[in-house]
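Here is the structure we will look at.
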Amino acid sequence: MRGRGAVWQLGSLLVCVALILAWQAVAQARLVSPVFLPPPTRVWAALVRGVESGVIVQKLAGTVLRMIEGWALASVLGVALGALIGTSRAARQWLGPTLEFLRPLPSSAIIPVAIALFGLSNGMVLGVIGFGALWPMLLATVHGFAAVEPRLYEVGRALGLSRWAVIRKVALPSAMPDILAGARLGLTVALVLAGVGEMLAGRDGLGQWILLAARAFRAPDLYAGVVLFGLLGYASALVIGLVERRALRWRQG
Amino acid sequence: MTAPIALRNVGLTLGGKRILDGIDLEIARGSFTCVVGPSGCGKTTLLRLVAGLVLPTEGEVQIGGTRVVAPRRDVAVVFQDYGRALLPWRTAAGNVSLALEAMGVAPRARPARIRDLLGRVGLAEHADKFPAQMSGGMQQRLQIARCLAQQPEVLLMDEPFGALDAMTRQGLQDEVLALVGDSGATVFFVTHDLEEAAYLGDVVIGLLPHPGRIARQVAVKLPRPRDQLATRELPEFLRLRRELFDFMRTAEA
Ligand SMILES: Nc1ncnc2c1ncn2[C@@H]1O[C@H](COP(=O)(O)OP(=O)(O)OP(=O)(O)O)[C@@H](O)[C@H]1O
Ligand SMILES: [Mg+2]
């Protein structure tokens, strides 16, 4: 089993290397102008330069911080609200229609609203990230709480657990697989919106870095930013995966 | 001394349907009462009334002289579907701990109690296993350990061994007899296995359906301790078995 996994990992690495080599070949053959597609070597050089001068690291840190802040906001709100809605039929009926109306709104559609409310500020970007990442968290949490085995609630009653203890010890852990799946989606949404928000509001970060590089025809810098975005997405998926594996250890039975 | 369990003219109507009618019952302290009857006659419902999980629409249920209006900590329930009644994300130790937490046992006092309780049901070696890693018999033992953690005056068991194979079932029957013999708890045991009822009980109660009512109350005059081979060969056991089979045949007709 372990050997199999290693083979797969090696395979995925090979695909990645092949893509980079193809990119290099296309760029060297000048099939696309280097103004639009610089070879990976130059992108790498730009990345190294950016890291050495510390500029790109600072942009990256800005984006990471923004993404995590917005996502954390969405998570806290999403889990709290989701728990309320998922455990209470009344709340589901009262809030359901409003949520159904808000849910399909694309986050980009509320960006102008957010700009009108908060201006081109950091708060605006955070608000947009929070709004966008809220939905996957909220819906997953509602689902998780609504799907708790009814027998376990009965066990809680028979043991005389308080309402709060039932939520904390029975419902929340039972909903955890769903919540983590929502967190994974929410983190992706947060990353996308952090980039878009930075571009629109001109906040310091990778999104803005990419936009400015594109306007100045600094293609290697632009691609360095894009690569970092990709790596950031990959890293956040890895982290959630680790948390999932730890928190859901009991499922591997 | 007041009977630990007393039902006075208890009736239950749910959604316009008469489920139990005119139940009068007194159960002596420390006795073992088995309830039999055809499927759907209201055995589980009767147990849930005693547990305080459902409240009667007429009459009243008393435990230790006080009216039951909600589940009590000194009344423990072993559910038939052990697979759903255990927390899958907690280990065996964690599941027992849930009852101790509900009882307000200090965290420092818990490990020793847990070890003792798991030892009493023969799960000392399996404290760190998750329910999914345990056999059905082990899971049901774990549920019993969790109930013993409540130090119950009254132990309610709803077809606890119904889903287990014959060998496991006989083993657990003897374990339960030994455990309640030690603790002095009053047991209310629902089963559809007539031999099991005769083997375990001091009294066997026969219910008739539509609406569920008590039709028969049979005293079991078999010596204790009971023995899987010797007891089941006694003429009195065979006579009882015959009486219960005849009752069921007329009840189902
Ligand atoms: N919440 C409820 N609402 C309406 N009817 C119910 C409810 N719970 C149980 N019943 C009905 O009450 C009757 C008795 O059910 P109960 O589960 O107590 O029977 P039982 O004797 O335990 O049956 P079994 O041997 O199959 O376990 C059944 O006809 C069932 O459909
Ligand atoms: Mg039943």
_Residue by residue through B:75-88, how many Cβ atoms from other chains fall within 10 Å of the Cβ on average?_
4
*Give me the Debye-computed log₁₀ of I(q)/I(0) at q = 0.08, 0.13 Å⁻¹ for the protein assembly as shown, equal point scatterers on Cα only, no solvent, two decimals.*
-0.69, -1.20
_So if I restrict to the alpha-carbon atoms in the range B:104-188, what is the Rg, and what is Dmax, the biggest pairwise distance, in Å?_
13.0, 39
_For a quick check: with amide H placed at 1.01 Å from N, whose amide H comes under 5 Å from B:Val220's, ignoring anything fewer than 5 positions away on the same chain?_
B:Val203, B:Val204
_chain B, dipole about Cα centre (Lys/Arg Cβ +1, Asp/Glu Cβ -1), debye to the nearest 20_ = 500
*Estimated dipole of the range A:39-252 in Debye, rounded to 20 [Cβ of Lys and Arg +1, of Asp and Glu -1, Cα centre]*: 460
*Averaged across the residues of B:97-103, what count of C-beta atoms belonging to other chains lies within 10 Å of each residue's C-beta?*
4
*Which net charge results for the neighbourhood of B:Ala51, defined as the other residues with beta-carbon distances under 10 angstrom from its beta-carbon, given Lys and Arg at +1 and Asp and Glu at -1?*
+1
*Search the structure for amide H atoms under 5 Å from the amide H of B:Gly212, placed 1.01 Å from N in the peptide plane, and list their residues when 5 or more places away or on another chain.*
B:Leu20, B:Asp21
_For a Förster distance of 22 Å, can you work out the FRET efficiency between the beta-carbons of B:Ser183 and B:Arg115, rounded to the nearest 0.05?_
0.80
*To the nearest 0.05, what FRET efficiency results for A:Gln24 and A:Ala214 with a Förster distance of 30 Å applied to their C-beta separation?*
0.90
*Provide the descending list of Cα extents for the range B:5-251 along its principal axes, expressed in whole angstroms.*
51, 43, 30
_Cβ neighbours within 10 Å, averaged per peptide: list B:128-137, B:68-77 in order, most packed at the top._
B:68-77, B:128-137
*Rounded, prolate or oblate (a/c below 1.5 giving rounded, otherwise prolate when a/b exceeds b/c) for the range B:42-170 by Cα gyration tensor*: oblate
*Could you tell me which of B:Ala215, B:Val190, B:Ala112 has its Cα farthest along the dipole of the range B:111-253 towards the positive end, charges placed at Cβ (Lys, Arg +1; Asp, Glu -1), taken about the Cα centre?*
B:Ala215
_Please compute one quarter of the surface area of the Cα convex hull for the range A:213-253 and express it in square nanometres._
3.1
*Specify the inter-centroid distance of the range A:42-114 and the range B:105-123, based on alpha-carbon positions, in whole Å.*
44
*Among A:Val48, A:Leu81, A:Ile115, pick out the residue whose Cα is farthest towards the positive end of the charge dipole of the range A:30-127, where Lys and Arg carry +1 and Asp and Glu carry -1 on C-beta, about the Cα centre.*
A:Val48
_Euclidean distance of C-alpha centroids, the range B:1-46 and the range A:165-225, integer Å_ = 59
*Value of Rg to Rh for the range A:1-58 (Rh from inverse mean 1/r over Cα pairs, i.e. Kirkwood)*: 1.17
*Expressed as a fraction of 2.2 N^0.38 Å, the rule-of-thumb size for a compact globular protein of N residues, what is the C-alpha radius of gyration of the range A:116-213?*
1.52
_Net dipole in debye of the protein assembly as shown [+1 Lys, Arg Cβ; -1 Asp, Glu Cβ; about Cα centre; nearest 20]_ = 1200
_Cα gyration tensor, the range B:1-91 - rounded (a/c under 1.5), prolate or oblate_ = oblate
*With just the Cα atoms of the range A:42-110, tell me how far they stretch along each of the three principal axes, in Å, largest first.*
58, 23, 16
*First select every other residue whose beta carbon is under 12 angstrom from the beta carbon of B:Asp246; then total the charges, Lys and Arg +1, Asp and Glu -1.*
+3
*asked:* Based only on Cα atoms, what mean projected area does the convex hull of the range A:39-252 have, in nm²?
replied: 14.5
_Where a label projected 7 Å from the Cα of B:Arg18 along Cα→Cβ would reach, residues of the range B:42-56 with amide N under 15 Å_ = B:42
*Partner chain Cβ atoms within 10 Å, averaged over the residues of A:163-175 - can you pull that number for me?*
2
*Considering amide H positions built from the backbone, and no H for Pro or chain starts, which residues 5 or more places from B:Val77, or on another chain, come under 5 Å of its amide H?*
B:Leu156
*In 10 Å bins starting at 0, how do the alpha-carbon pair distances of the range A:170-253 split up by percent?*
17, 36, 23, 16, 8, 1
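Any read-out appearing in this document is the output of simple, stated calculations on the displayed coordinates, not a laboratory observation. Being a predicted model, the structure only gives us computed values, none of them experimental. We place every Cβ from the backbone using ideal geometry, glycine too, and count neighbours over all the protein chains shown.
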